[in-house]
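In what follows, a structure is listed as structure tokens, so that the remarks can point back to it.
The values are calculated or read from the model by the stated rules, or taken from the named source; none is laboratory data. Model, not experiment: these values are computed from the prediction. Every residue, glycine as well, gets a Cβ built from its backbone with ideal geometry; the counts of neighbours run over all protein chains shown.
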Protein chains: 2
Amino acid sequence: MERRKFMKSAGLAGILAAGSAPAIVHAQQQIRWRLASSFPKSLDTVYGASEAFAKYVSDATGGKFVISVHPAGELVPAFGVVDAVQQGTIDCAHTAPYYFFGKDESFAFDCTIPFGMTSRAMTAWMLEGNGMKLMREFYAQYNIVNFVCGNTGAQMGGWYRKEIKSVADLNGLKMRIGGFGGRVLAKLGAVSQNIPAGEIYQALERGTIDAAEWIGPYDDLRLGLHKVAKNYYYPAWWEGSTQFSVYINDKQWNGLSAEYKAIIEQASRAAHVTCQARYDARNPGALKQLIAEGAVLSRFPRDFMDAAFKASREVYAELNDTNPNWKKIYPDYSRFLADQVQWEAVAESNYAQYLAAQKL
Amino acid sequence: MERRKFMKSAGLAGILAAGSAPAIVHAQQQIRWRLASSFPKSLDTVYGASEAFAKYVSDATGGKFVISVHPAGELVPAFGVVDAVQQGTIDCAHTAPYYFFGKDESFAFDCTIPFGMTSRAMTAWMLEGNGMKLMREFYAQYNIVNFVCGNTGAQMGGWYRKEIKSVADLNGLKMRIGGFGGRVLAKLGAVSQNIPAGEIYQALERGTIDAAEWIGPYDDLRLGLHKVAKNYYYPAWWEGSTQFSVYINDKQWNGLSAEYKAIIEQASRAAHVTCQARYDARNPGALKQLIAEGAVLSRFPRDFMDAAFKASREVYAELNDTNPNWKKIYPDYSRFLADQVQWEAVAESNYAQYLAAQKL
């Protein structure tokens, strides 16, 4: 723990050097934390969310509370951050919780599940519904205190070497896709693989895989996947929005002053809204560029969406039977989602659809 | 200025009472500000955004920077907050900038314009597009430094005593509606009036007005308008999202330390996301209750939407000719909006529409 530099300074009182009124001198600990990101620096929107979070904390404390941000692999591997925070090897992390789907599918509620919440619904569930409370209870077993820290919005469905004309084309399809979406796709006959960002291009070019999903236009453009698989489908029914989280080791969290706790909480919310704003600001231009460079945009066939929706319900029924953590959270999540979807279909989506049909 | 209590305490150095490491003692000013809201306390979601903002600032500073929040009318009238901040009579305010449409239509860019940005697009334009920069330039002439602080999302189109079957039904219709929407409606023959919240119910009950728009289900339910005009239309094309802002007097702002400036900035972003989350979490239940109590939900007729869209373009063309401030901001706003709408129509809206058609 020598890397952390605590200067014990509680109970200090300052004396006013000049002036007539007594000064209120507040001594705050000097703190240095290390944050392990699950992402490379090159993913500057999502990695940038953790940098924004750290900057906000430093700025709000006049540089007294410093969180150094480390890309995936520098301190621990991308998928090692839960273990590292749990054990206190690192103080905090920034990740996409569904990566830990293999430990417990319930991690995904803090991120995304197939046919799950949109970005705004997710934030509402976390901050004003029962989401944060339920996830804090779940994370307690991992010594983690979680904070919302970014969202991508609805993602694109990825790049396909051949057209997808119906659900039958998924049979035997080898696809790079993360955990939960892959489990649903497996029910449709697809073979899912998780391949790190840096290896996707080559795998797709060589035909080792037939398709790969990544994030959305801005991030996808950086990988250049449109050059090796031009068919670009939407929407990613497995990532209707993807939330990122900051994980803090609970002992570190409990050791903070009320002031520092408030600053962390606000910095996470500020970084959360900043990250979504960046994705929204950056995606439209990237989409235009992808199309200009040959990407062919198509909606997933309806029978594929329907088959995937049905398969996702089967997976959720299985999890309700087998995973008590899942069973505790799922009813609240799905009730909140159903309410959100009903309301969203009234004012918000009618407004958006009308605008989309106009010449702007 | 006696209400502000500055304790000058810069340049202090503390002495460590016990322990081996030198303490870093940071003395921050004790500050008390007054915030004038344009809203009554009863509108607890929007008023709550200013309370959240003030609480965040206090919590992050250990109670050293205290902003007292005052409802409309307590310090200055609801529509007097721009003058009061400009003159320094109050330190800061929380308002819906389009209220000041009469001073200059450009205020509305910081809030909403007919057929304008959705909530996410608006936040993206403000925080990651040119929105904040352009609005700061505009507000400089009013000695105001602005910060985003809440959004309602797409609003409902209000309550009508009689059905609206076509745009012809707008001719001669007396409607309670705010400034900009009213100017567009006037082109369709409607007569707009701005009536304070507390008087809308009676005016609608007595037939002094034929229709009234307010916000959305949660706030509308509180006014009880469904009891006197059951026809509830959507979407409010004049408020595709409505952003609230915090206004700070520029001298007060410039007098803050870098640390306090950072805390204000983050508190505003945190309150911004909290406010939208509250609207999203609260509206669905309120909509169900309104329907259970007799509200009849309908989409505005297409010819009304089209006529209003066309009329809004005419108003914008007029403003480009007559208002140099408008002309400076409008091209950037409309370009950003067009890009957002194109991208939103791909992944986000296809995802939302698919979900809306499922049994969840």
Check: With (1) assigned to a helix (DSSP H, G or I); (2) surrounded by fewer than 24 Cβ atoms within 10 Å (Cβ to Cβ); (3) more than 7 Å from chain B (Cβ to nearest Cβ) as the list, and A:S268 as the residue in question, which single condition is left unmet?
Finding: (2)
Check: Of the residues that sit in segment A:45-60 and are over 20 Å from the mean Cα position of the chain (by Cα) and surrounded by fewer than 24 Cβ atoms within 10 Å (Cβ to Cβ), which one is nearest to A:G102 (Cα to Cα)?
Finding: A:S58
Check: Has segment A:267-284 got at least one residue that is among the hydrophobic types (A, V, I, L, M, F, W, C) and over 30 Å from B:G63 (Cα atoms)?
Finding: yes
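Residue by residue, here is whether (1) buried (at least 23 other Cβ atoms within 10 Å of the Cβ); (2) more than 15 Å from the chain's Cα centre (by Cα) holds:
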site	(1), (2)
A:G198	no, yes
A:A203	no, yes
A:D210	no, yes
A:I215	yes, no
A:G224	no, yes
A:Y232	yes, yes
A:S241	yes, no
Check: Could we say that A:Q276 is of a type outside the set (K, R), within 8 Å of chain B (Cβ to nearest Cβ) and within 23 Å of the chain's Cα centre (by Cα) here?
Finding: yes
Margin query: Condition check: among the small types (G, A, S), out of contact with any Cys (no Cβ under 7 Å at 6 or more places or on another chain) and surrounded by fewer than 22 Cβ atoms within 10 Å (Cβ to Cβ). Does B:A307 satisfy that?
Written below: yes
Checklist line | Residues satisfying the stated conditions in segment A:289-331, i.e. without any contact (Cβ under 8 Å) to a residue 24 or more places away in the chain, within 11 Å of chain B (Cβ to nearest Cβ) and of a type in the set (A, V, I, L, M) | finding: A:I291
Next item on the list: Consider only pairs whose beta carbons are under 6 Å apart and that are at least six residues apart or on different chains; among these, list those whose first residue lies in segment B:78-106 and is without any contact (Cβ under 8 Å) to a residue 60 or more places away in the chain and whose second residue is surrounded by fewer than 24 Cβ atoms within 10 Å (Cβ to Cβ) and part of a helix (DSSP H, G or I).
Entry: B:F79/B:Y99; B:F100/B:V82
Item checked: Flag for B:V57 being in contact (Cβ under 8 Å) with a residue 40 or more places away in the chain, under 30 Å from A:S58 (Cβ atoms) and in contact with a Phe, Trp or Tyr (Cβ under 6 Å, 6 or more places away or on another chain) -> yes
Item checked: Members of segment B:337-347 that are without any contact (Cβ under 8 Å) to a residue 40 or more places away in the chain and out of contact with any strand residue (DSSP E or B) (no Cβ under 9 Å at 6 or more places or on another chain) -> B:A338, B:D339, B:Q342, B:W343, B:A345
Notebook entry, point to check: With respect to the numbered conditions (1) part of a helix (DSSP H, G or I); (2) in contact with a strand residue (DSSP E or B) (Cβ under 9 Å, 6 or more places away or on another chain), which one is the sole condition not fulfilled by A:N283?
Noted result: (2)
Check: Limited to segment B:97-107, what total is found for residues that are out of contact with any strand residue (DSSP E or B) (no Cβ under 7 Å at 6 or more places or on another chain) and within 15 Å of B:Y247 (Cβ to Cβ)?
Finding: 7
Next item on the list: Working carefully through the options B:G294, B:G285, find the one that is at positive phi and not aliphatic (A, V, I, L, M).
Entry: B:G294
Check: Would you pick out the residues in segment B:286-305 that are assigned to a loop (DSSP other than H, G, I, E, B) and among the aliphatic types (A, V, I, L, M)?
Finding: B:A295
Next item on the list: Of all residues in segment A:179-198, count the ones that are under 22 Å from A:G240 (Cβ atoms) and part of a loop (DSSP other than H, G, I, E, B).
Entry: 4
Check: Pick from A:T61, A:T45, A:T89: which is within 30 Å of A:I195 (Cα to Cα), β-branched (V, I, T) and within 14 Å of another protein chain (Cβ to nearest Cβ)?
Finding: A:T45
Next item on the list: Would you mention how many residues in segment B:234-251 are within 12 Å of chain A (Cβ to nearest Cβ) and either among the β-branched types (V, I, T) or in contact with a Lys or Arg (Cβ under 7 Å, 6 or more places away or on another chain) (or both)?
Entry: 2
Check: What is the number of the single condition among (1) out of contact with any Asp or Glu (no Cβ under 8 Å at 6 or more places or on another chain); (2) over 23 Å from A:Y316 (Cβ atoms); (3) not in a helix (DSSP H, G or I) that A:Y201 does not meet?
Finding: (3)
Notebook entry, point to check: Looking only at segment B:175-232, which residues are free of Cβ contacts under 8 Å to residues at least 12 places away in the same chain and among the hydrophobic types (A, V, I, L, M, F, W, C)?
Noted result: B:A186
Next item on the list: Restrict the check to segment A:319-328 and report whether at least one residue is in the same structural domain as A:Y218 (by TED's automatic domain parsing) and at positive phi.
Entry: no
